[in-house]
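The values are calculated or read from the model by the stated rules, or taken from the named source; none is laboratory data. No experiment lies behind these values; they were computed from the predicted model shown. Cβ: placed from backbone, ideal geometry, glycine included. Neighbour counts: every protein chain shown. Heads up: the accessible areas ignore ligands, DNA and RNA and are worked out on the full protein's heavy atoms, side chains in. Shrake-Rupley method; radii C 1.70, N 1.55, O 1.52, S 1.80 Å.
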Amino acid sequence: MAEKQTKLWEKLSLFFLVLIFIGLNHTKMDENDTWWHIALGRWMVQNHQIYQTEIFSQIGLGKPFIAHEWLSEVLFYAFSSPSGRLLSFLKLSLIVSCCFGLFCFFVKPYLKGKLSLYLMLGAAFLVAFRAPVRPQLFEIICVSYLLVILNFWKENPSWKWLVALLPVQILWANLHGSYLLGPVLFFLFACGLTLSQNFPFLPGDSLKTYSSKDVLSLFLWSGLLLASSLLNPFHFELIKKSFSVFFLDSYMKEYIREWFSVTRVEKGIWFYVWLGWIVWAWVSLVRSFSRVSQVELYTLILATVFPFMGVRYITLSTLLSFPDVLKRSYALYPKGFKPKTACFLMAPLTALFFWVGYPMTLTAANPPGSGFSFGVVPTDIIQHIKANGIKGVMMNHYHDGAFILYYLHPDVLPVIDSRTDFYGKELFLEHSEAYTSMPLFNQYVKKYNVNLALVRMIPETEVLRRNLFESPDWTLEKFGLDNMLFVKADSSHPRKTMEEMTQDLTLLAQKSRSTDMPISSGTAYCGWIRLFGHCELASECRKECELSDEMLGVELGGISPLCFKFSQVCFRKETACGPCPSLCDLYSRSVDRINRLGFHYPNIGGCS
């Protein structure tokens, strides 16, 4: 009876582990890059060819483009939907399947170990840290597969295991730019075995011996894996680009956060989990010294160094060290696992992760749920541009470029987006410096024929926003949730001074307070769907979403388009109900329905 209960608790603890892993990965998608990956995939599917010449950004227009992740992008487009839930399902399916494979091949023999389940929990947390809906997702899967094959080969050296790597390497070279890791890791493994066999100095070097033929086959297969990577649309150009990105383009390591060393980024929970993981990996190696080989030592050194080359390699560091850490921990503590205690510890963790999502810090988390997190992109500004038929070239922050090119191409071109490896250091810095002063901004605008300026409302842009307000060449087109849209002043967008705008808003506010607006809740809801930019998620609001500001104002009771320029001001805390109280009344009547789509807009109540 006691044995049956123990087995039941063991199964329950594994069930909680699976739920935790799902909870950690079941989060909203907030990666801006996802949008341009889908856009490129859409173009390739619609045109039946590989994307090779840039058409999506102003500063890269006409330049050759190496779509080194074309297969991922086609897959992402195939699974794309307005809400993004299908993409979330794809990610969850792939990542859970990958880890289930690791469980079957690595974990099963060590389940009785005292620390095994907790090590799996730590690994699950670190893998989920860098498992976005980006081609990098396939790096996790391919590296995991490679580690499984290498561990099979170590137990039973045979070329049959190595043959299984070829199709995966070919796919990898078309899915993600990290495909060079395949032949490089294979080559380093072969070097470690060579040193272990010919220059043994650690006790574990003599525990397992391999013939010279076996070791030589590894070197040959590493070359074959590299050669198989040429089976892509760009052949040698792809290898040249990958080599350049990883070894020559150091500017990304200076300016792009995911390429920062772990010593440069803000430390979150993930950092301390990784630090604990690496510390235990070294402690277990020292305590198991009588069985440690050079291959294990070099693998752990590599796993330790990788995150210092870029925080994006936290997941790779975990995967590389996982098999050896698990085996050493089991050798040190083969018994003593208490499944009942584990269940009581993991049950609240399961609830926590499904409730808060992936906790980055003690106060911030990637929110739970599926689909896109529209809070990180200027949806309201984009919908305003679409509905009012605005066209041109937009000055934008590089994070927003992917969303702009996905929704507005070909009518509006962003000057830049987050494809930093494509633009290079010179163009990236030229764009960044344009935001630092008005003369540089004007010079940049003139050089690239910019007629739209999307400016984030952050302290760093305060001077620029003030200058654009005061400049006779620009006029405010839209005051959004987190951004302002300025348009070059011309006959269709006449310039108004702030004094004139203030006077107009005062009159509008007085009129708005005294006007009875018998608007249906459905019309009010769709009005805010259009203003917030969530039309893709509300097909019932197609009519309102296609209306210009002028016509939408008629639908909502004769509201002036000028109010729409300030429509999001009404519920910003510092401005209370803002200059258009009647719009705020409409907002308070429809916000609950909007939040059912997965948003969290505050409801301040009416203003009348």
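Taking K488 as meeting all but one of (1) in contact with a Leu (Cβ under 9 Å, 6 or more places away or on another chain); (2) open to solvent by 10 Å² or more (accessible area, probe 1.4 Å); (3) at pLDDT below 90, write down the number of the exception.
In the conditions (1) in contact with a Leu (Cβ under 9 Å, 6 or more places away or on another chain); (2) open to solvent by 10 Å² or more (accessible area, probe 1.4 Å); (3) at pLDDT below 90, K488 misses (3) alone.
Being assigned to a helix (DSSP H, G or I) and surrounded by fewer than 23 Cβ atoms within 10 Å (Cβ to Cβ) is the filter here, so list the residues in segment 194-206 that pass it.
T194, L195, Q197, N198, P203, G204, D205, S206, listed by residue number.
What's the number of the only condition in (1) under 23 Å from K160 (Cα atoms); (2) in contact with a helix residue (DSSP H, G or I) (Cβ under 8 Å, 6 or more places away or on another chain) that F201 fails to meet?
Answer for F201: the failing condition is (1).
Restricting to segment 312-354, count the residues that are under 28 Å from I141 (Cβ atoms) and not basic (K, R). Step through it out loud before you land on a result.
If we filter segment 312-354 for residues that are under 28 Å from I141 (Cβ atoms), which is where we start, we get 312-330, 342, 346, 349-350, 352-354.
From the residues that got through so far, the ones that are not basic (K, R) too are 313-326, 329-330, 342, 346, 349-350, 352-354.
Qualifying residue count for the region: 23.
Please state which one of L238, L185, L218, L231 is part of a helix (DSSP H, G or I), among the hydrophobic types (A, V, I, L, M, F, W, C) and over 30 Å from R328 (Cα atoms).
Of the residues listed, the single one that is part of a helix (DSSP H, G or I), among the hydrophobic types (A, V, I, L, M, F, W, C) and over 30 Å from R328 (Cα atoms) is L238.
Please give the number of the condition L275 fails out of (1) modelled with pLDDT under 95; (2) surrounded by fewer than 16 Cβ atoms within 10 Å (Cβ to Cβ); (3) over 25 Å from L207 (Cβ atoms).
Every listed condition holds for L275 apart from (1).
Cβ-Cβ under 7 Å, sequence separation 6+ or interchain: first residue in segment 38-55 and over 19 Å from L408 (Cβ atoms) and of a type in the set (D, E), partner open to solvent by less than 50 Å² (accessible area, probe 1.4 Å) and part of a loop (DSSP other than H, G, I, E, B). Which pairs?
Listed pairs, sorted by first residue: none to list.
Working only within segment 1-14, note down all residues that are of a type in the set (A, V, I, L, M, F, W, C) and either closer than 11 Å to P339 by Cβ or in contact with a strand residue (DSSP E or B) (Cβ under 8 Å, 6 or more places away or on another chain) (or both).
Within segment 1-14, L8, W9, L12, L14 meet the criteria.
All but one of (1) closer than 26 Å to K154 by Cβ; (2) among the small types (G, A, S); (3) surrounded by fewer than 19 Cβ atoms within 10 Å (Cβ to Cβ) hold for S321; which doesn't?
Only one criterion in (1) closer than 26 Å to K154 by Cβ; (2) among the small types (G, A, S); (3) surrounded by fewer than 19 Cβ atoms within 10 Å (Cβ to Cβ) is unmet by S321, namely (3).
Report the residue count in segment 320-357 for those that are within 20 Å of R287 (Cβ to Cβ), under 33 Å from the mean Cα position of the chain (by Cα) and free of Cβ contacts under 8 Å to residues at least 60 places away in the same chain.
2
Which numbered condition in (1) over 19 Å from L300 (Cβ atoms); (2) open to solvent by less than 10 Å² (accessible area, probe 1.4 Å) is the only one that L126 fails?
(1)
Suppose we filter segment 356-402 for residues that are in a loop (DSSP other than H, G, I, E, B) and open to solvent by less than 20 Å² (accessible area, probe 1.4 Å); how many remain? Full working, then the answer.
Taking segment 356-402 first, the residues in a loop (DSSP other than H, G, I, E, B) are 357, 360-364, 367, 369-371, 373, 377-378, 388-391, 396-400.
Okay, now just the ones that are also open to solvent by less than 20 Å² (accessible area, probe 1.4 Å), so 357, 369, 371, 377-378, 390, 396, 400.
Total satisfying the criteria: 8.
Would you say F138 is of a type in the set (F, W, Y), crowded, with 19+ Cβ neighbours inside 10 Å, within 19 Å of the chain's Cα centre (by Cα) and under 18 Å from S242 (Cα atoms)?
yes
Given the structure, is V286 of a type outside the set (F, W, Y), within 30 Å of K114 (Cα to Cα) and either without any contact (Cβ under 8 Å) to a residue 60 or more places away in the chain or surrounded by 13 or more Cβ atoms within 10 Å (Cβ to Cβ) (or both)?
Yes; evaluated as a whole, the condition is true for this residue.
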